[in-house]
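Visitor: Please see the structure below; I have some questions.
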Amino acid sequence: MHFFSDNATPVCPPVMAAMAAADHADHGYDGDAWSARLDGAFADLFGTPVRALWVSTGTAANSIALACLCPPYGGVIAHEEAHVVVDECGAPGFFTHGATLMTLPGDGAKLTPEAVTGRLKTIRPDVHQVPARALTITQATEYGRVYAPDEVAVLGEVARKHGLGLHMDGARFANAVAHLGCHPGDVTWRAGVDVLSFGCVKNGGMNAEALLFFGEQADARAAEAARWRKRSGHLFSKGRYLAAQILAMIEDGLWLANARAANAAAQALAEGAEGRLMQPVEANELFIRLTAEEAAALRAQGFDFYDWGEGAARLVTNWSQNAASVAPLASALRALGRGAG
């Protein structure tokens, strides 16, 4: 049983069916009927006008978003363990032509308004220092933690007060919303988010993510993003296949159904790993204390997962699992006992 990553899962059948249904001649690039529906479909989902673009990867979505918010001489405030900092090979700097990532610590890979405000206070308003121009947060975070609407709103207010664009890396946005049980607008545009990278691949898509722009500057930023998408080689000539995937995810609630299944599987594993959890389980990732011997014993039983530093492991559930399907691993974890922690 594989718990490496939700990137490694099969494509969700309705998504595959949607691509098959789009498999006939239409206009190229983003001039097709499916791409034309994206703005309206996301506007219905979020309850506000939205400009939506498809891209092929989360790294492209994040980097294009930041390029639209931050000039080359500016800075992007981010958590020190954010995906844009440690897992994108410098892509944000590449797309922005050199913008600085200003990293901060925070429990569970979450930023606090106090930490952000404190960092902003250290920047002198002269030409010798890099001015902050954007703030990026991850939902759910790299440690599976979730920002509640009021937490995002406070950060959104800090961003507004200091003239920063607010970007949300939503690679696991669906899992966060499923956990919160809130309207997606409550944790995005109503809370001050300007740009959202809306994840689909981890949630059952094949190779399509959505980049969403909210607010008064949405049209201008989306137009700029469209040029970044072309210049960076992410404007697919047959973009209808990407748009079709995204529409299949959002128009009938599949995005939330898949996320709820993954979250439920994670909760079932959390019960089996009682006493070993390093972070609260709020989405579909678990970080647990596990000795090398215990990890070897689990792998000998057919369970695959990543080590996460010495004495720890990461387990990731996905849309194709549920509490019943992960019961063997939950049972194996329970049989190990509560661990030394």
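Visitor: Regarding LEU298, is this residue crowded, with 16+ Cβ neighbours inside 10 Å, under 17 Å from ALA265 (Cβ atoms) and in contact (Cβ under 8 Å) with a residue 12 or more places away in the chain?
Guide: Values: crowded, with 16+ Cβ neighbours inside 10 Å: yes; under 17 Å from ALA265 (Cβ atoms): yes; in contact (Cβ under 8 Å) with a residue 12 or more places away in the chain: yes.
For LEU298, the condition - crowded, with 16+ Cβ neighbours inside 10 Å, under 17 Å from ALA265 (Cβ atoms) and in contact (Cβ under 8 Å) with a residue 12 or more places away in the chain - is met.
Visitor: Only one of (1) surrounded by fewer than 20 Cβ atoms within 10 Å (Cβ to Cβ); (2) assigned to a loop (DSSP other than H, G, I, E, B); (3) modelled with pLDDT of 95 or more fails for TRP319. Which number is that?
Guide: The number of the failed condition is (1).
Visitor: Tell me which residues, restricted to segment 50-66, are open to solvent by less than 10 Å² (accessible area, probe 1.4 Å), within 13 Å of ALA210 (Cα to Cα) and part of a helix (DSSP H, G or I).
Guide: Hits for segment 50-66 are ALA60, ALA61, ASN62, SER63, ILE64, ALA65.
Visitor: Can you work out which of the residues in segment 322-341 that are under 30 Å from VAL11 (Cβ atoms) and not hydrophobic (A, V, I, L, M, F, W, C) is modelled with the lowest pLDDT? Talk me through it step by step, then tell me what you get.
Guide: Of all residues in segment 322-341, those under 30 Å from VAL11 (Cβ atoms) come to 322-333.
Subset that is not hydrophobic (A, V, I, L, M, F, W, C): 322, 325, 328, 331.
Working: ASN322: 91, SER325: 94, PRO328: 97, SER331: 96.
Checked segment 322-341; the qualifying residue modelled with the lowest pLDDT is ASN322.
Visitor: Return a yes/no flag: does segment 42-49 have any residue that is surrounded by fewer than 20 Cβ atoms within 10 Å (Cβ to Cβ), of a type in the set (Gly, Ala, Ser) and touching a residue at least 24 places away in the same chain (Cβ under 8 Å).
Guide: The answer is yes; a qualifying residue exists.
Visitor: Need pairs with beta-carbon distance below 8 Å; first residue over 17 Å from LYS202 (Cβ atoms) and aromatic (Phe, Trp, Tyr) and within segment 311-324, second modelled with pLDDT of 95 or more and surrounded by fewer than 24 Cβ atoms within 10 Å (Cβ to Cβ); sequence gap 6+ or separate chains.
Guide: Final answer for the pair search is none.
Okay, residues lined up against (1) of a type in the set (Gly, Ala, Ser); (2) in contact with a strand residue (DSSP E or B) (Cβ under 8 Å, 6 or more places away or on another chain):
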{"site": "GLY205", "(1), (2)": "yes, no"}
{"site": "PHE214", "(1), (2)": "no, yes"}
{"site": "ARG221", "(1), (2)": "no, yes"}
{"site": "TRP228", "(1), (2)": "no, no"}
{"site": "SER232", "(1), (2)": "yes, no"}
{"site": "LEU254", "(1), (2)": "no, no"}
{"site": "ALA257", "(1), (2)": "yes, no"}
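Visitor: Further question: May I ask you to list the residues in segment 1-22 that are at pLDDT below 95 and out of contact with any strand residue (DSSP E or B) (no Cβ under 9 Å at 6 or more places or on another chain)?
Guide: Within segment 1-22, PRO10 is the sole residue that qualifies.
Visitor: Could you list, in sequence order, the residues of segment 267-307 that are of a type in the set (Gly, Ala, Ser), within 23 Å of TRP319 (Cα to Cα) and part of a loop (DSSP other than H, G, I, E, B)? Show your work before the answer.
Guide: Initial filter on segment 267-307 (of a type in the set (Gly, Ala, Ser)): 268, 270, 272-273, 275, 283, 292, 295-297, 300, 302.
Checking the rest, the ones that are also within 23 Å of TRP319 (Cα to Cα) come to 268, 270, 272-273, 283, 302.
Those that are of a type in the set (Gly, Ala, Ser), within 23 Å of TRP319 (Cα to Cα) and part of a loop (DSSP other than H, G, I, E, B): ALA273, ALA283, GLY302.
Visitor: Among the residues of segment 82-114 satisfying the criterion of being assigned to a loop (DSSP other than H, G, I, E, B) and under 23 Å from GLU157 (Cα atoms), which is most open to solvent (accessible area, probe 1.4 Å)? Don't jump to the end; show me each part of the working.
Guide: Going through segment 82-114, the residues assigned to a loop (DSSP other than H, G, I, E, B) turn out to be 82, 87-90, 97-99, 105-106, 110-112.
Retained after the next criterion (residues that are under 23 Å from GLU157 (Cα atoms)): 82, 99, 105-106, 110-112.
Details: ALA82: 5, ALA99: 15, PRO105: 79, GLY106: 29, LYS110: 26, LEU111: 9, THR112: 59 Å².
Ranking the qualifying residues of segment 82-114, first place goes to PRO105.
Visitor: I would also like to ask the following. Looking only at segment 324-336, filter to residues that are assigned to a loop (DSSP other than H, G, I, E, B) and under 21 Å from ALA295 (Cα atoms); which one of those is least open to solvent (accessible area, probe 1.4 Å)? Outline the logic, then answer.
Guide: First, pick out the residues of segment 324-336 that are assigned to a loop (DSSP other than H, G, I, E, B): 324-326.
Those left that are additionally under 21 Å from ALA295 (Cα atoms): 325-326.
Values: SER325: 46, VAL326: 0 Å².
If we take residues in segment 324-336 being assigned to a loop (DSSP other than H, G, I, E, B) and under 21 Å from ALA295 (Cα atoms), then VAL326 is least open to solvent (accessible area, probe 1.4 Å).
Visitor: Can you name the residue in segment 67-81 that is touching a residue at least 40 places away in the same chain (Cβ under 8 Å) and open to solvent by 50 Å² or more (accessible area, probe 1.4 Å) and is also farthest from ALA115 (Cα to Cα) among such residues?
Guide: TYR73
Visitor: Hey, could you check segment 264-295 for residues that are closer than 16 Å to ALA178 by Cβ and among the small types (Gly, Ala, Ser) and say which is surrounded by the fewest Cβ atoms within 10 Å (Cβ to Cβ)?
Guide: ALA264
Visitor: Right, here's the next one. From the residues in segment 115-131 that are assigned to a helix (DSSP H, G or I) and aliphatic (A, V, I, L, M), which one is nearest to HIS162 (Cα to Cα)? Step through it out loud before you land on a result.
Guide: Here is the first cut: in segment 115-131, the ones assigned to a helix (DSSP H, G or I) are 115-121.
With the extra rule that they be aliphatic (A, V, I, L, M), the set shrinks to 115-116, 120.
Working: ALA115: 14, VAL116: 10, LEU120: 8 Å.
Across segment 115-131, the extreme among qualifying residues is LEU120.
Visitor: Does any residue of segment 192-205 turn out to be of a type in the set (Asp, Glu), under 30 Å from LYS161 (Cβ atoms) and open to solvent by less than 40 Å² (accessible area, probe 1.4 Å)? I'd like the intermediate steps shown before the answer.
Guide: Initial filter on segment 192-205 (of a type in the set (Asp, Glu)): 194.
Subsequent filtering for residues that are under 30 Å from LYS161 (Cβ atoms) retains 194.
Keeping just the survivors that are open to solvent by less than 40 Å² (accessible area, probe 1.4 Å) gives 194.
Looking through segment 192-205, at least one residue is of a type in the set (Asp, Glu), under 30 Å from LYS161 (Cβ atoms) and open to solvent by less than 40 Å² (accessible area, probe 1.4 Å).
Visitor: Just to be sure before I move on: is ALA244 closer than 20 Å to ALA134 by Cβ and modelled with pLDDT of 95 or more in the structure I sent? Walk me through it before giving the result.
Guide: On the way: closer than 20 Å to ALA134 by Cβ: no; modelled with pLDDT of 95 or more: yes.
So ALA244 fails the test.
Visitor: Among the residues of segment 24-41, write down those that are over 22 Å from TRP228 (Cα atoms), touching a residue at least 12 places away in the same chain (Cβ under 8 Å) and in a loop (DSSP other than H, G, I, E, B).
Guide: ASP26
Visitor: May I pose another question? Tell me, please, whether a residue that is buried (at least 23 other Cβ atoms within 10 Å of the Cβ), over 25 Å from ASP194 (Cα atoms) and not hydrophobic (A, V, I, L, M, F, W, C) can be found in segment 227-235.
Guide: No, segment 227-235 contains no residue that is buried (at least 23 other Cβ atoms within 10 Å of the Cβ), over 25 Å from ASP194 (Cα atoms) and not hydrophobic (A, V, I, L, M, F, W, C).
Visitor: Would you be able to tell me the number of residues in segment 301-316 that are among the aromatic types (Phe, Trp, Tyr) and either open to solvent by less than 10 Å² (accessible area, probe 1.4 Å) or closer than 15 Å to ALA335 by Cα (or both)?
Guide: First, the residues of segment 301-316 that are among the aromatic types (Phe, Trp, Tyr): 303, 305-306, 308.
Checking which are either open to solvent by less than 10 Å² (accessible area, probe 1.4 Å) or closer than 15 Å to ALA335 by Cα (or both) leaves us with 303, 305.
Counting residues in segment 301-316 that are among the aromatic types (Phe, Trp, Tyr) and either open to solvent by less than 10 Å² (accessible area, probe 1.4 Å) or closer than 15 Å to ALA335 by Cα (or both) gives 2.
The values are calculated or read from the model by the stated rules, or taken from the named source; none is laboratory data. Note that the structure is a prediction, hence the values are computed from the model and not measured. Using ideal geometry, Cβ is built from the backbone for each residue, glycine included, and neighbour counts are taken over all protein chains shown. Ligands, DNA and RNA are stripped out before the accessible areas are found, and what is left, the full protein with its side chains, is counted by its heavy atoms. Shrake-Rupley method; radii C 1.70, N 1.55, O 1.52, S 1.80 Å.
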